[in-house]
Amino acid sequence: MKKQLVTLGLLFTAVSLGAQLKNAEADTIRIQTIEDVNLHKTGNPNKARTLSTKSNLTVMENPQPIAIVTHEVIEQQQAKQLSDVIKNVNGIYLTSARGGSQDSFGGRGFTFGNDNIFKNGAKVNSGVFPEVSGLERVEVLKGANAMLYGNVGPGGIVNLITKKPKFEFGGAVGFSAGSWNSYKPTVDIYGPLSKNIAFRVNGAYEYAESFRGLVESKKNYFNPSFAFNLSENTQLIVEGDYLYHTFTPDFGIGSVVDNATGISRLATEIDREQFLGTNWQYQTNQQATTDVILNHKFNNNWSLNAVAAYQNYTKDYFSTERVQWVYNSKNNNLNPSWTRPLGRNYTEQNYTSLQINLNGEFNTGSLNHKVLFGTDGDIGQADTYNYKIDANTPVVLFLNDPSTWTNESPMPNTSRTSRNRIKTKRYGFYAQDLISLTKEFKVLAGIRWSSIQNDDTRVKNFATNETIPTANSGTKETAFSPKVGLIYNPNENLSVFATYTNSFVPNTGFDQEGFALEASTVDQYEIGIKKNLWNNAVAVNLTAYQINNRDTYTAPYTQAGAVALYRVYAGNIRSRGVELDITGNPLTNLSLIGGVSYNNAVYTKTPDNGFLEEQRLVRTPAVTANASAFYTFKSFAKGLKIGATVFYTGDRKAGWNDVKNQPQVTRMIDVEGFTTVDFSLGYEWKKFMIQGKVGNLFDVVNYNVHENYSVNPITPRNYYFTLTYKL
């Protein structure tokens, strides 16, 4: 309660400060701003100035698919979580985390991890549910991005761009409420403090229960920022961002496995509302980030951008674990049981990074060059604390006996036993040149050199107070990551491109001999076309790609079900796909977003005891599609806005990929595809806006599955309302 009162106090303080500054004189100095007026006017990502590409190249000059979701889209769809925002980017899909503990995504057949999520260009821990009310926009660079970002996964990157200060007074306060006793006050105030200093304050508090019994969530968010115009061509932005979120981990309904055959299925006989954990389990995440952004323009051809960032992340977790109902058909044991396990851990990550980007443009004879020179580096320390749990009498639940589905269980005592500490260092240098051979034909060439060092894991035993390094657990990798592209760009409304990129992905863990794993190498080939239509207000982009991820590793398959901590060679992964995006405002009062994607990701060149080749990877849907349309009435029923969004996720496989010569028929679990429809209605009058949304209009039943560890039902039909007052 104290944290809630502090947060609400900060919100009211910000409102008061904004009211005092309402009459302040607007700044007249030309500043570099993150607000992209042209993008917000047209909704066309091809007309945007992207920050994630680190360069001054236009989207049409970049031989890569780029998706942007603006704050207008976030607000009109009343997005609650980042996953609601990412649904608008086809080819990027929601996956499930163990215990539903974070927003988790995949793209082009690959899972996104900590290396794929950024905030204002700086890497952040992905193990949270980010607050979306403070976002200016979300930029997604699809595919491999190692040349710019180093060791990132091949599916793409997501860059969260937060709202920045403005030199005119404005903002909004809002209140949202909806199904299952959810409510959320928000505030966004900005304005000038002086001729050369501006501020912005975003804040929110959210409380939400769930259709799942005993599951609840409490979130506090505070995001102050300041902009300093040091000169006409130099601006410094200082920003803080604090997120506190405590919620109930939820492993869902679980899977049913037959020990005799190894075949699994979803436990669909359990109602989607039934919670199978305890009444005390919890997870608490805190994420505090600070970034300092310097923008300087030397002249019309040369500019500098530098970003320094720091992050502290903690996760405190104590919960029941995987729901797996087990029986043995050979013994006629047809009443599956589950002995409820417990897990306890605490993790902390401290991470400091710096990047510098120099952009320039010049001519050599008849050739025009747009160049990027950059360097980045970071140091980090990750601590994981392990616990001993004082065992109580194990709680056993039976699938066919709902009377045993108790949530009552005393919280056992725990004590810290050890701490694993890993220190990392990473740095790189990169250069890129877009050469205009003619007005229409251009070549993009870039290369990066990267170094990544993970020190030996140091294990502290709290019983003996000794700290011992784990031999051979550290790694040091260096690699070159080239990128080359050919672009046919006859005008600003058409671009045809082909690219090749090479990157590497470090692997965590160790082999059977105890040595750290080598990095995997990734090759990507891509062709695409970008076209603007309807007076350049709508983008139609089509892309086809192939990604080869060589030398991957996995946990070994053991018929007895024993858990092995080491990793074995798994072969290659080949991902092929096609993506179509349609985005923009064909009319000033009509906003459209649509797309469809197809992907086929499979294992190839696997060892004799490895995965079956040409079998689709688990948790990768073949087809995803999205469509969104919002219409605002300008004359008849002026101020009225109606909209609908449709999201489709295709058939998927849960469980694990099958292994050659395994005794059971399959280790995979079929999960059917599903479509959800949301309907929205809003009305704007003077400075007030009221919005309402019915989510999952047709009350579709389906599941997000993390292997078979978590089987979480999607949210049923729900209602959400937002009242906003614009200052």
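The values are calculated or read from the model by the stated rules, or taken from the named source; none is laboratory data. The structure displayed is predicted, hence computed values, not measured ones. So basically every Cβ, Gly included, is an ideal-geometry build from the backbone, and we count neighbours across all protein chains shown.
Which one is surrounded by the most Cβ atoms within 10 Å (Cβ to Cβ), of the residues in the stretch 429-467 that are within 27 Å of Asn151 (Cβ to Cβ) and either of a type in the set (A, V, I, L, M) or without any contact (Cβ under 8 Å) to a residue 12 or more places away in the chain (or both)?
Here the residue is Leu434.
Residue by residue through the stretch 529-542, note down the ones that are of a type in the set (Gly, Ala, Ser) and either in contact with a His (Cβ under 7 Å, 6 or more places away or on another chain) or assigned to a loop (DSSP other than H, G, I, E, B) (or both).
Answer for the stretch 529-542, where residues must be of a type in the set (Gly, Ala, Ser) and either in contact with a His (Cβ under 7 Å, 6 or more places away or on another chain) or assigned to a loop (DSSP other than H, G, I, E, B) (or both): just Ala537.
List pairs: first in the stretch 627-647 and in contact (Cβ under 8 Å) with a residue 24 or more places away in the chain and more than 25 Å from Lys87 (Cβ to Cβ), second among the charged types (D, E, K, R) and surrounded by 15 or more Cβ atoms within 10 Å (Cβ to Cβ), Cβ under 8 Å, 6+ apart or cross-chain?
Once the first residue is in contact (Cβ under 8 Å) with a residue 24 or more places away in the chain and more than 25 Å from Lys87 (Cβ to Cβ) and sits in the stretch 627-647, its partners that are among the charged types (D, E, K, R) and surrounded by 15 or more Cβ atoms within 10 Å (Cβ to Cβ) give Phe633/Lys641; Gly639/Glu684.
Given the residues Val540, Val596, Val522, Val618, which is the only one that is in contact (Cβ under 8 Å) with a residue 12 or more places away in the chain, more than 23 Å from the chain's Cα centre (by Cα) and surrounded by 15 or more Cβ atoms within 10 Å (Cβ to Cβ)?
Val540
Inside the stretch 366-448, counting only strands (runs of 3 or more DSSP E) that do not spill past its ends, which hold 1 or more residues that are among the aliphatic types (A, V, I, L, M) and within 30 Å of Thr339 (Cα to Cα)?
367-389, 396-398
Could you list, in sequence order, the residues of the stretch 64-106 that are among the charged types (D, E, K, R) and in a loop (DSSP other than H, G, I, E, B)?
Scanning the stretch 64-106 gives Lys80, Lys87, Asp103.
Those residues that are among the polar types (S, T, N, Q) and surrounded by fewer than 21 Cβ atoms within 10 Å (Cβ to Cβ), I need them from the stretch 251-282; list them, please.
Once the filter is applied, which keeps residues that are among the polar types (S, T, N, Q) and surrounded by fewer than 21 Cβ atoms within 10 Å (Cβ to Cβ), the stretch 251-282 yields Asn259, Thr261, Thr268, Gln274, Asn279.
Cβ-Cβ below 9 Å, separation at least six or inter-chain, first residue in the stretch 50-64 and free of Cβ contacts under 8 Å to residues at least 60 places away in the same chain, second among the aromatic types (Phe, Trp, Tyr) and surrounded by fewer than 22 Cβ atoms within 10 Å (Cβ to Cβ): which pairs?
Pairs found: none.
Only one of these is among the acidic types (Asp, Glu) and in a strand (DSSP E or B): Glu518, Glu513, Glu526. Name it.
Glu526
Looking only at residues in the stretch 270-296 that are outside any loop (DSSP other than H, G, I, E, B) and within 15 Å of Phe247 (Cα to Cα), which one is farthest from the chain's Cα centre (by Cα)?
Step by step, filter the stretch 270-296, then rank; the result is Tyr282.
Are any residues in the stretch 28-43 under 23 Å from Leu148 (Cβ atoms) and at pLDDT 75 or above, and if so, which ones?
Leu39
Which pairs have Cβ atoms under 6 Å, sit 6 or more apart or on different chains, and link a residue in the stretch 395-412 that is under 15 Å from Glu321 (Cβ atoms) to one that is acidic (Asp, Glu)?
If the second residue must be acidic (Asp, Glu), the pairs left are Pro412/Asp390.
In the stretch 479-499, how many are surrounded by 15 or more Cβ atoms within 10 Å (Cβ to Cβ) and either closer than 21 Å to Asp551 by Cβ or in contact with a helix residue (DSSP H, G or I) (Cβ under 7 Å, 6 or more places away or on another chain) (or both)?
Of the residues in that region, 3 qualify.
Of (1) closer than 20 Å to Asp376 by Cα; (2) in contact (Cβ under 8 Å) with a residue 40 or more places away in the chain, Asn114 satisfies all except one. Which?
Looking at each condition in turn, Asn114 falls short on (2).
Any residue in the stretch 504-515 that's farther than 22 Å from Phe110 by Cβ: show its pairings with residues that are assigned to a loop (DSSP other than H, G, I, E, B) and acidic (Asp, Glu) at Cβ separation under 7 Å, as long as the two are six or more apart or on different chains.
Partner pairs satisfying both residue conditions: none exist.
How many residues are at positive phi and either within 24 Å of the chain's Cα centre (by Cα) or polar (S, T, N, Q) (or both) if we restrict to the stretch 630-649?
0
Could you look through the stretch 225-249, keep only residues that are part of a loop (DSSP other than H, G, I, E, B) and at pLDDT 95 or above, and pick out the one that is farthest from the chain's Cα centre (by Cα)?
Only one residue fits best here, namely Thr248.
For the stretch 405-459, which residues satisfy the criterion of being among the charged types (D, E, K, R), touching a strand residue (DSSP E or B) at 6+ places or on another chain (Cβ under 8 Å) and more than 19 Å from Gln64 (Cα to Cα)?
Arg416, Arg419, Arg421, Lys423, Lys425, Arg426, Lys439, Asp455, Asp456, Arg458
Having 2 or more residues that are among the charged types (D, E, K, R) is the bar; report the strands (runs of 3 or more DSSP E) wholly within the stretch 128-184 that clear it.
Of the strands (runs of 3 or more DSSP E) lying wholly inside the stretch 128-184, those with at least 2 residues that are among the charged types (D, E, K, R) span 135-142.
Could you tell me which numbered condition Ile189 fails, if it satisfies all but one of (1) assigned to a strand (DSSP E or B); (2) in contact (Cβ under 8 Å) with a residue 40 or more places away in the chain; (3) touching a Pro at 6+ places or on another chain (Cβ under 6 Å)?
(3)
When you check Ala570 against the structure, is it modelled with pLDDT under 90 and either surrounded by 16 or more Cβ atoms within 10 Å (Cβ to Cβ) or assigned to a strand (DSSP E or B) (or both), yes or no?
Against the criterion (modelled with pLDDT under 90 and either surrounded by 16 or more Cβ atoms within 10 Å (Cβ to Cβ) or assigned to a strand (DSSP E or B) (or both)), Ala570 qualifies.
Please verify whether Leu334 is over 30 Å from Lys54 (Cβ atoms), surrounded by fewer than 17 Cβ atoms within 10 Å (Cβ to Cβ) and of a type in the set (A, V, I, L, M), treating the condition exactly as stated.
Criteria met by Leu334.
Suppose we keep only residues that are modelled with pLDDT under 90 and under 14 Å from Gln287 (Cα atoms) within the stretch 102-124. Which one would you say is surrounded by the most Cβ atoms within 10 Å (Cβ to Cβ)?
So, considering only residues that are modelled with pLDDT under 90 and under 14 Å from Gln287 (Cα atoms), the one surrounded by the most Cβ atoms within 10 Å (Cβ to Cβ) is Gln102.
Residue by residue, here is whether (1) buried (at least 19 other Cβ atoms within 10 Å of the Cβ); (2) more than 30 Å from Gly170 (Cβ to Cβ) holds:
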| position | (1), (2) |
| --- | --- |
| Val671 | yes, yes |
| Ser680 | yes, no |
| Phe688 | no, no |
| Val701 | no, yes |
| Tyr709 | yes, yes |
| Pro713 | yes, yes |
| Leu723 | no, no |
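Among the listed residues Leu372, Leu397, Leu358, Leu354, which satisfies the condition of being surrounded by 14 or more Cβ atoms within 10 Å (Cβ to Cβ), among the aliphatic types (A, V, I, L, M), under 25 Å from Phe318 (Cβ atoms) and modelled with pLDDT of 95 or more?
Leu397
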